[in-house]
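Reading through the C-alpha cells given below for one structure.
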Amino acid sequence: MTPEIRDALKSALGPKGWTEDPSEIAPYIEDWRGRYQGETPIMLTPGSTDEVAAAVKICAESGVAITPQGGNTGLVGGSTPKGEVLLSLRRMNAIRETDPLNDAITVEAGCVLTAVQDAAEEADRLFPLSLGAEGTATIGGLISTNAGGVAVLRYGMMRDLVLGIEAVLPDGRIWNGLRALRKDNTGYDLKQLFIGAEGTLGVVTAATLKVYPRPAARAVAFAGVGSIGDAVKLLGMAKKASGGAVTGFELVPRNGVELVLQKIDGTRDPLSEPHPWYCLVEMSFGRKEGAEETMEAALAEAFEASVVQDAAIAKNETEAQDFWRIRETLPEAEKVEGGSIKHDISSAVSLMPELYERAAEKVRAVTPDARLIVFGHVGDGNLHFNVRPPEGEDDKAFFEEYGETVRAAVHEAVGELNGSISAEHGIGVMKRDELPARKSPVEMDMLRAVKRSLDPKNIMNPRVMLTD
Ligand SMILES: Cc1cc2nc3c(=O)[nH]c(=O)nc-3n(C[C@H](O)[C@H](O)[C@H](O)COP(=O)(O)OP(=O)(O)OC[C@H]3O[C@@H](n4cnc5c(N)ncnc54)[C@H](O)[C@@H]3O)c2cc1C
C-alpha cells in the first residue's frame with residue numbers, strides 16, 4: 001500500500017479510526033481458534049457509515065482489498081486478513097431505534113449480539129438469535145455468515161430475522177435498505193444477497209431486525225436417548241405434544257457431557273445414569289400455566305414408546321441454565337481438550353441418523369480409532385461432526401496425516417444424502433477450494449456472476465468463498 005493511500009485513509013477516518021500499532025492489531029489478525037494467522041498494513045475502525053463509505057471508496061479507487069471484521073468469532077478464516085486492509089466495525093455499536101409496535105429494532109453492525117438481546121428486552125421484546133459466541137459476535141458478522149444458533153427451530157436463521165440492511169457497496173456507495181417492512185414485493189430481495197455473503201459483496205453497516213413477544217414461560221428438559229434416531233423421534237413427539245412450542249432441540253453425546261463435566265467448572269450431570277446421547281429440549285409458552293405439564297406429557301409419551309430412557313425437567317431457571325450450559329460450553333471444553341477435524345454439516349432432519357452412520361463408517365475406514373464428538377441442532381438437521389485423534393496421539397500429526405481424507409470422507413456422506421458441507425459457519429477460506437466440487441457448474445456461475453456484478457474489482461474479501 002502506498003504512503004498516499006495510507007494518508008488518505010488516516011485523514012478520512014481521523015485519529016480514532018485507524019491503527020498501525022502491531023500490538024494493537026495482533027488480536028485481530030488471528031482467528032478465534034488460533035488456526036488462521038494473518039497480516040494487515042493497517043486496521044481501520046470507522047465510527048460511522050459515512051466513514052466506512054469514505055474508506056471503501058479510497059480502497060476501491062486504488063484497488064486495495066478489504067477484509068471486514070466484526071467480533072472475529074467466525075470459524076472458517078473469513079475475517080483474518082492476509083495483506084488486506086482490516087476494516088473492523090466494532091466502534092459502530094449504536095442501537096439506532098426500537099419499534100416495539102412493529103416488532104423491529106435497528107442497530108449498527110458492530111453491536112454485539114448480547115447488546116441487541118438486552119435492547120430488545122428493555123422494550124419487552126425478544127431477539128431470539130442465541131449462540132455460544134453471543135458475547136462477542138456482532139450483528140454484521142452474524143448477518144454476513146447467516147448465523148444460526150439454538151433457536152433456529154422456532155425463529156429461523158439470521159436470514160429469517162432481517163427486515164432491512166444498510167451496506168456500503170464495493171465502490172464506496174451507501175445502499176440504504178433499512179426498510180422495516182414485512183411485505184415488500186418490489187423486485188429482487190437485495191438484502192438477502194448480503195446475508196451469508198461473508199463480506200464478499202460489501203460492508204454491512206446497520207440492520208433492521210425482527211423481534212418477538214417475550215415468552216412468559218419456558219420448560220427445559222435433559223433427556224437420555226439411545227440413538228440419534230430416537231432423538232429425531234423425540235423431536236417429532238415434542239413438537240406434536242406441545243402444539244409447536246419447541247424452541248430448541250439440541251443433541252449432546254455422552255463423551256461430550258463427560259468432557260464438559262471434566263473441563264468446565266460448576267457443571268453437573270442432570271441424570272444419574274449415563275446414556276449414549278442426550279437431547280436438550282426447550283419449549284416456550286405465552287402463558288405460565290401448563291408449561292411444565294406439557295413438557296412432562298411429551299416426555300411421558302416418549303418414555304412409554306421407549307424413545308426416551310430417562311429425563312430431568314428443570315425445576316427452576318437456574319437449573320434450566322445449568323442444562324443449557326452443558327450444551328453451550330461443549331465447544332469451549334473441546335478447545336481446552338485439544339483440536340479436532342471439524343465439520344459443520346446438515347441433512348434433512350429425517351436423514352440425520354443415516355448421515356451420522358454413513359459419516360462415522362467412512363471415517364472409521366480411514367482411521368479406525370479416531371474419536372468422534374458429534375453434537376448439534378437436531379431441529380435444524382445440523383451436526384457438528386468433530387473427529388479427534390485416537391487416545392494418546394498427537395493432534396498436529398493426526399491432522400496432517402488425516403485432515404484431508406477425513407474431511408473428504410465426511411463430505412462424501414453429506415453429498416450422498418444431498419446435504420450441506422456448511423450448515424452454519426460459511427465457506428470462508430477453509431472450504432473455498434471445495435465449493436466447486438459441491439455445487440453444480442450452473443450454481444457456481446450464478447454465484448460468480450453476483451460477485452462480479454457487485455464487486456468487479458474484486459476488492460471485498462477476495463480470498464473468501466469464491467476463487468477467481
Ligand atoms: C464458541 C462459538 C460458538 C459458535 N456457535 C455458532 C452457532 O451456534 N451458530 C452459528 O451460526 N455460528 C456459530 N459460531 C460462529 C460465529 O460466532 C458466527 O459465524 C458469527 O456470525 C460471527 O460473527 P462475528 O461478528 O464474530 O464475525 P467475524 O468472525 O468477524 O466475521 C465473520 C465473517 O463475516 C464477515 N463480516 C463481519 N462483519 C461484517 C460486516 N459488518 N459486513 C460484511 N462482512 C462482515 C467477515 O469478513 C467474515 O467473513 C460460533 C463461534 C464460536 C466461537
Hey, can you find the accessible area per residue of segment 55-197 for me, probe 1.4 Å, expressed in square angstrom? 40 Å²
Ranking Val374, Phe399, His425 by how far each Cα lies towards the positive end of the charge dipole of segment 344-468 (+1 on Lys and Arg Cβ, -1 on Asp and Glu Cβ), the top one is His425
With charges set only on the Cβ (+1 for Lys and Arg, -1 for Asp and Glu), what does the dipole of segment 3-88 come to about its Cα centre, in debye to the nearest 20? 220 debye
With a 1.4 Å probe and every protein chain kept in, tell me what percent of the accessible surface of segment 316-468 is carbon plus sulfur. 51 percent
Near Lys10, which lysines are there with a Cα under 18 Å away, not counting those fewer than 8 places off in the same chain? Lys57
How long is the gain from Gln37 to Ala348 if the chain were fully straight, where each residue apart is worth 0.36 nm and the alpha carbon distance is subtracted? 108.4 nm
Aspartates and glutamates near Lys239 by alpha-carbon distance under 20 Å, same-chain residues fewer than 8 away left out - which ones? Asp230, Glu250, Glu282, Glu289, Glu292, Glu293, Glu296, Glu301, Glu304, Asp310, Asp380
Can you pull the one-decimal nm distance between simple spin-label points at Asp21 and Tyr212, each 7 Å off the Cα toward Cβ? 4.3 nm
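So between Ala94 and Glu443, what do we pick up on full extension, going 0.36 nm a residue minus the alpha carbon distance? Mind dumping the intermediate values first?
Numbers: separation 349, 0.36 × 349 = 125.64 nm, distance 3.73 nm.
So the chain would gain 121.9 nm between Ala94 and Glu443.
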Rounded, prolate or oblate: which fits segment 230-322 when a ≥ b ≥ c are the square roots of the eigenvalues of the alpha-carbon gyration tensor, with rounded for a/c under 1.5 and prolate only if a/b beats b/c? oblate
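Once the piece of chain linking Glu357 and Asn185 is laid out straight, how much longer is it, given 0.36 nm per residue of separation minus the C-alpha distance between them? Can you show the working numbers first?
Details: separation 172, 0.36 × 172 = 61.92 nm, distance 4.31 nm.
The span from Glu357 to Asn185 would gain 57.6 nm if fully extended.
If you place +1 on the Cβ of every Lys and Arg and -1 on the Cβ of every Asp and Glu, how big does the dipole about the Cα centre of segment 368-468 come out, in debye to the nearest 20?
Numbers: 13 positive and 18 negative charges, 138 e Å.
My answer is approximately 660 debye.
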Placing +1 on each Lys and Arg Cβ and -1 on each Asp and Glu Cβ in segment 181-311, then taking the dipole about the Cα centre, the residue among Leu201, Ala219, Val281 whose Cα reaches farthest towards the positive end is Leu201
C-alpha long axis of helix 254-263 to longest principal axis of the chain, angle in °: 70 degrees
For the chain, whose charge dipole is built from +1 on Lys and Arg Cβ atoms and -1 on Asp and Glu Cβ atoms, the candidate among Met460, Ala311, Ala123 with its Cα farthest towards the positive end is Met460
Leaving out ligands, DNA and RNA, and with a 1.4 Å probe, what % of the accessible surface on segment 182-312 is carbon or sulfur? 49 percent
Could you compute the net charge surrounding Glu39? Neighbours are other residues with a C-beta less than 11 Å from the C-beta of Glu39; K and R count +1, D and E count -1. -1
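Can you give me the relative contact order of the chain as a percent, contacts being Cα pairs under 8 Å and 6 or more apart?
Working: 985 pairs, mean separation 71.0, N = 468.
Contact order relative to length: 15 percent.
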Two-decimal Rg to Rh for segment 2-118 - Kirkwood Rh, Cα set: 1.01
How large is log10 I(q)/I(0) at q = 0.09, 0.13, 0.16 Å⁻¹ when the Debye formula is applied to the Cα atoms of segment 158-286, each weighted equally and without solvent? -0.48, -0.80, -0.89
Where the Cα atoms of the chain are projected onto their three principal axes, how long is each span, largest first, in whole Å? 72, 56, 45
If you take every residue apart from Ser306 with its C-beta less than 14 Å away from the C-beta of Ser306, what net charge results, scoring Lys and Arg +1 and Asp and Glu -1? -3
In whole Å, what is the distance between the alpha-carbon centres of segment 30-55 and segment 151-191? 23 Å
What is the distance, in nm, between label points placed 7 Å from the Cα along the Cα-to-Cβ direction at Ala300 and at Leu372? 3.5 nm
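Leaving out ligands and nucleic acids, and using a 1.4 Å probe, what accessible area per residue does segment 217-331 come to in Å²? Mind showing how you got there, number by number?
Values: 4950 Å² over 115 residues.
Using a 1.4 Å probe on heavy atoms only, each residue of segment 217-331 averages 43 Å².
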For the chain, what proportion of DSSP beta bridges, expressed in % and rounded to the nearest 5, is antiparallel? 85 percent
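Taking every DSSP beta bridge with both residues inside segment 338-468, roughly what % is antiparallel (nearest 5)? Mind dumping the intermediate values first?
Working: 12 of 13 bridges.
The answer is about 90 percent antiparallel.
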FRET efficiency for Val450 and Lys10, Cβ-Cβ distance as r, R0 = 25 Å, nearest 0.05? 0.15
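What dipole magnitude, in Debye to the nearest 20, does the chain give about its Cα centre under +1 on Lys/Arg Cβ and -1 on Asp/Glu Cβ? Can you show the working numbers first?
On the way: 50 positive and 70 negative charges, 241 e Å.
Roughly 1160 debye for the chain.
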Grab the eigenvalues of the alpha-carbon gyration tensor for segment 339-448, scale each by 5, take roots, and send me the semi-axes largest first in whole angstrom. 23, 17, 12
Where in segment 317-335 does the label zone of Asp265 land, with the point 7 angstrom along Cα→C-beta and an amide N cut-off under 16 Å? 333
What are the lysines whose alpha-carbon lies under 23 Å from the alpha-carbon of Lys362, with same-chain residues fewer than 8 places away excluded? Lys342, Lys396, Lys431, Lys439
Surface accessible to a 1.4 Å probe, Met444 within the full protein complex, Å²: 10 Å²
Using Cα centres only, tell me the gap between segment 435-468 and segment 238-258 in whole Å. 37 Å
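Could you calculate, for segment 299-357, the ratio of the Cα radius of gyration to the Kirkwood radius, expressed as Rg to Rh? Mind showing how you got there, number by number?
On the way: Rg = 15.8 Å, Rh = 14.8 Å.
Here the Rg-to-Rh quotient is 1.07.
The values are calculated or read from the model by the stated rules, or taken from the named source; none is laboratory data. Model, not experiment: these values are computed from the prediction. Note: ideal-geometry Cβ built from the backbone for every residue, glycine included; neighbour counts use all protein chains shown. Surface accessibility is based on the protein's heavy atoms, side chains included, excluding ligands, DNA and RNA. Shrake-Rupley method; radii C 1.70, N 1.55, O 1.52, S 1.80 Å.
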